[in-house]
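Single-structure report; data block below.
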Amino acid sequence: MRSAIAILSEAQSRVVGTPKEIVSDGLAAYPDAVWQVFGADSTHIRAKGLTAGINTNIIERFQGTVKERTKVMRGLKGMESAKIISEGFSIHYNFLRPHMTLKGKTPATVAGLKLPFKTWIELVDYLWRDGQKP
């Protein structure tokens, strides 16, 4: 229960307002933890499997992608290197990497952003030309 409350408290510190719904896996501690952290304004929804209308597939897939990428990295020596690698992965995932579920587009493109780069090399060149050092 303490772990569930800690995770949800961390999530609460990162959002503006109170979410109406919290979707989670079947951990028994989540319903009470959702109530303790978010109060009666939030409803806990337990995902009921892959074919259910509401599920955790997207976040589970994202976590799998992050794990797959970071398990082979040897540069994770401390918090600073973890932060740098996480920020780089976030840029790659959201601005450079095409997603099959988005029909080969990046999340940035789907969100309507028009970016002058499509690869890491183009991004670095763009930053150097713009006077910023990566």
#### Entry: Enumeration of residues in the stretch 28-51 that are of a type in the set (A, V, I, L, M, F, W, C), surrounded by 13 or more Cβ atoms within 10 Å (Cβ to Cβ) and at pLDDT below 90
Ile45, Ala47
### Message
Given the condition part of a helix (DSSP H, G or I) and loosely packed, with under 10 Cβ neighbours inside 10 Å, answer yes or no: does some residue in the stretch 82-98 qualify?
### Response
no
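The values are calculated or read from the model by the stated rules, or taken from the named source; none is laboratory data. Predicted, not measured: the structure shown is a model, and the values here were computed from it. So basically every Cβ, Gly included, is an ideal-geometry build from the backbone, and we count neighbours across all protein chains shown.
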